[in-house]
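Comments concern the structure below.
What follows draws every value from the coordinates through simple rules; no lab data is involved. Everything quoted here is computed from the prediction, not taken from an experiment. Virtual Cβ from ideal backbone geometry, glycine too; neighbours counted across all protein chains shown.
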């Protein structure tokens with residue numbers, strides 16, 4: 001074997017070694033740029049210095065014109081297929097967007113001049129609207145009014161949130177008491193937990209925002225208490241956390257939004273942004289410096305925040321693990 | 001000499017071309033091959049064709065899925081022990097329905113051929129319409145016993161294992177309405193040292209049924225009529241071995257008995273001879289009409305092609 005053969009053999013060996021190394025190396029995941037905005041209705045410059053969880057991955061309404069323009073959107077909800085519904089309280093209409101953020105359709109709500117306080121899409125694609133103390137049901141895809149949920153003691157519905165199975169949980173109050181109401185997807189009231197938050201707090205609490213997580217734990221936030229109260233699905237009061245102030249874990253100003261994700265986190269929006277707290281003990285995880293009144297979580301644990309003329313979607317990391 | 005060099009040169013060139021071709025193939029297919037090796041355990045287990053699930057408590061997420069069933073259309077019923085709920089997924093793994101079971105703990109789930117889903121939770125058994133997950137009713141436990149587990153029978157109806165009053169165990173045959181057809185009193189404890197504990201049951205195409213019992217650390221085999229045949233363990237775990245950990249059991253149409261033991265999946269013959277062991281997280285097991293094996297590992301469901 002001459003030198004040329006040796007050189008060729010060495011080259012082959014090197015090639016084989018490179019091939020083996022490449023075969024053993026796991027495929028590199030594609031790089032993800034958290035500042036990329038996926039939405040179609042976005043012409044605003046991305047915020048490069050914000051933490052990734054505060055940078056929207058999707059924006060709706062920013063550059064919208066005509067029928068899809070947002071004037072004062074303070075409510076948002078997402079259905080199981082990922083369709084996004086926004087509640088424009090000035091225009092009295094619901095805008096429906098595809099999961100990719102493309103405007104699809106709109107419908108006007110009944111009682112548009114009354115205070116519109118709640119919006120929730122259930123697992124069956126039914127959109128519940130709480131306005132003027134009444135609770136209406138619409139077919140989300142068509143916007144057809146399906147009916148009204150009637151509390152036996154009359155009007156008083158305030159807020160509404162999807163249940164993980166079907167239907168919604170709603171808050172209701174009159175001058176004497178406040179209730180947590182479990183409503184089925186068909187609009188029938190299944191259970192009323194009477195005098196729930198006021199009963200637990202020992203004083204009238206007024207307007208209550210609600211949310212429910214995958215354990216069917218009910219969360220109820222009351223402005224007057226600056227706190228979130230926790231109830232079992234059966235209505236049994238368990239705990240409360242939060243107080244008035246500017247420290248971590250405290251709330252200031254009106255509580256405008258409340259929701260829970262699948263990772264054991266509760267989200268509370270107030271004047272300072274969106275606070276993220278742990279379900280198990282109410283401990284503070286982080287504050288997202290994002291604009292948002294009404295907030296919602298989708299099946300993929302993404303956060304949606306309604307902020308007047310736009311709705312933004314955020315990827316929020318799960319809480320740190322104990323282990 | 002020059003001939004010899006020429007011959008050597010020709011041989012080395014041929015060898016070089018072969019090595020080059022092999023190297024190129026390895027280069028091109030390297031990443032894919034590595035990935036396939038990682039997801040397809042060796043041996044008789046079919047290729048993994050689907051996996052879905054994410055840890056969490058939200059809809060479609062899973063916390064402790066320890067039992068699973070599959071219907072003839074390929075819809076998957078994943079029962080979450082901790083969340084006390086059954087989620088129905090499409091054959092592609094998309095959430096199609098969800099129901100919370102009142103006892104808030106699910107021990108077993110079985111799809112009965114007429115479209116009824118039987119769910120055992122905290123010693124009670126319930127019937128649901130499998131498509132809508134609407135509650136059809138609670139099954140009355142015969143003799144005041146407590147339901148421990150359930151499996152579908154190929155001819156319709158289910159077989160359930162119960163803890164009977166008086167420290168005994170029963171095996172009950174129920175029709176699709178949940179009505180009792182017949183019952184075997186003390187089926188396990190008559191032939192074993194202890195009564196059953198955390199059992200799992202499976203029925204083969206001929207109606208032979210197998211009870212995997214963590215009380216006696218063994219799998220008990222019975223004829224369709226309920227006559228005890230034998231007991232056996234699985235690879236490295238003979239009957240009575242207290243290290244035995246039986247988390248699930250299922251039979252396919254090829255005479256394979258699949259047994260999950262938390263960190264391993266075992267394949268044994270229906271008379272207890274060991275065949276294969278796969279190191280993988282495995283809890284609930286189910287086999288579809290196509291012979292596909294479904295394995296849950298608490299926060300994920302995996303589907304494997306029919307055993308080779």
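Using only the C-alpha atoms of region B:216-308, find the volume of their convex hull and express it per residue in Å³.
100 Å³
Just the projected area, averaged over all directions, of the convex hull on the alpha carbon atoms of region A:139-228: how many nm²?
6.2 nm²
In bins 10 Å wide, starting from 0, what share of all Cα pairs of region B:236-285 does each bin hold, as a percent?
Per 10 Å bin, starting at zero, the Cα-Cα P(r) for region B:236-285 comes out as 27, 61, 12, 0 percent.
Highest mean first, what order results for B:187-198, B:289-300 on Cβ atoms within 10 Å?
B:289-300, B:187-198
Semi-axes, largest first, in whole Å: what does sqrt of 5 times each Cα gyration tensor eigenvalue give for region A:188-249?
21, 14, 10
Residue separation times 0.36 nm, minus the C-alpha to C-alpha distance between residue B:104 and residue B:51: what's the value?
16.5 nm
For peptide A:75-85, how many partner chain Cβ atoms fall within 10 Å of a residue's Cβ, on average?
Rounded to a whole number, the mean comes out at 1.
Once the Cα gyration tensor of region B:78-124 is diagonalised, what are the square roots of 5 times its eigenvalues, in whole Å and ordered largest first, as equivalent ellipsoid semi-axes?
Calculated on Cα positions only, the semi-axes equal 18, 14, 7 Å.
Just how many % of Cα pairs in region A:232-281 lie over 14 Å apart, if you round to the nearest whole percent?
Of the Cα pairs, 55 percent sit more than 14 Å apart.
Quick one: what Rg and Dmax do you get for region B:110-258 from the alpha carbons, in Å?
Cα-based Rg and Dmax for region B:110-258 come out at 14.6, 43 Å.
On average, how much area does the Cα convex hull of chain B cover when viewed from any direction, in nm²? Please list the in-between numbers first.
Values: hull surface 78.6 nm².
Mean shadow area of the hull around the Cα atoms is 19.7 nm².
Using the Kirkwood radius built from alpha carbon pairs, what does the Stokes-Einstein equation give as D for region A:174-218 at 37 °C and 0.692 mPa s, in µm² per second? Mind dumping the intermediate values first?
Numbers: Rh = 11.6 Å.
My calculation gives 283 µm²/s for D.
Would you mind listing how long region A:109-178 runs along its three principal axes, going by Cα atoms, in whole Å with the largest first?
Computed over the Cα atoms, the extents are 36, 28, 18 Å.
Counting only other chains, and only Cβ atoms inside 10 Å, what mean value do you get across the residues of A:208-218?
Counting Cβ atoms of other protein chains within 10 Å of each residue's Cβ and averaging gives 3.
Using r as the Cβ-Cβ distance of residue B:263 and residue A:280, and R0 as 41 Å, what FRET efficiency do you calculate, to the nearest 0.05?
0.90
To check my understanding: the extent here is largest minus smallest coordinate of the Cα atoms along each principal axis. What are those three numbers for region B:177-235, in Å, largest first?
Each principal axis gives a Cα extent; for region B:177-235 these are 35, 23, 19 Å.
As an exercise, take the mean of 1/r over every pair of distinct alpha carbons in region A:281-323, invert it, and state the Kirkwood radius in angstroms.
After inverting the mean inverse Cα-Cα distance, the result is 11.8 Å.
Most fluctuating residue of B:79, B:172, B:92 in a GNM of chain B with Cα springs under 10 Å: which is it?
It is B:92.
For the Cα atoms of chain B, what angle does the longest principal axis make with the long axis of helix B:2-39, in degrees from 0 to 90, nearest 10?
With both axes taken from Cα atoms, the answer is about 20 degrees.
How far is it, in nm, from the label point at residue B:82 to the one at residue B:305 when both lie 7 Å from their Cα along the line to the Cβ?
3.4 nm
Rounded to the nearest 0.05, what FRET efficiency do residue B:254 and residue B:190 have when you use their Cβ-Cβ distance and R0 = 25 Å?
Details: r = 31 Å, r/R0 = 1.25.
So, using R0 = 25 Å, E works out to roughly 0.20.
Can you tell me the Rg and Dmax of region B:125-168, counting just the alpha carbons, in angstroms?
Here Rg and the maximum Cα pair distance are 12.1, 38 Å.
Using a 10 Å cut-off on Cβ atoms, rank the peptides B:215-222, A:100-107 from the highest mean neighbour count down.
B:215-222, A:100-107
Mind checking Rg over Rh on region B:35-170, alpha carbons, Kirkwood formula for Rh?
Numbers: Rg = 16.0 Å, Rh = 15.8 Å.
Rg divided by Rh gives 1.01.
If you average 1/r over all unlike Cα pairs in region B:145-222 and invert the result, what Kirkwood radius do you get in angstrom?
In region B:145-222 this quantity evaluates to 12.3 Å.
For region A:75-211, would you read off the P(r) tail past 19 Å as a percentage of all alpha carbon pairs?
For region A:75-211, the fraction of Cα-Cα distances above 19 Å is 45 percent.
If you average 1/r over all unlike Cα pairs in region A:181-323 and invert the result, what Kirkwood radius do you get in angstrom?
Numbers: mean 1/r = 0.0645 Å⁻¹.
Its Kirkwood hydrodynamic radius stands at 15.5 Å.
Shielding by partners for A:256-263, please: the mean number of other protein chain Cβ atoms within 10 Å of each residue's Cβ.
Mean inter-chain Cβ contacts per residue within 10 Å come to 3.
With r as the distance between the Cβ atoms of residue A:321 and residue A:239 and R0 = 25 Å, compute the FRET efficiency 1/(1 + (r/R0)^6) and round to 0.05.
Details: r = 22 Å, r/R0 = 0.88.
Efficiency, from the Cβ-Cβ distance: 0.70.
May I ask for the Rg/Rh ratio of region A:65-155, computed from Cα atoms with Rh as the Kirkwood radius, given to two decimals?
Rounded to two decimals, Rg over Rh is 0.95.
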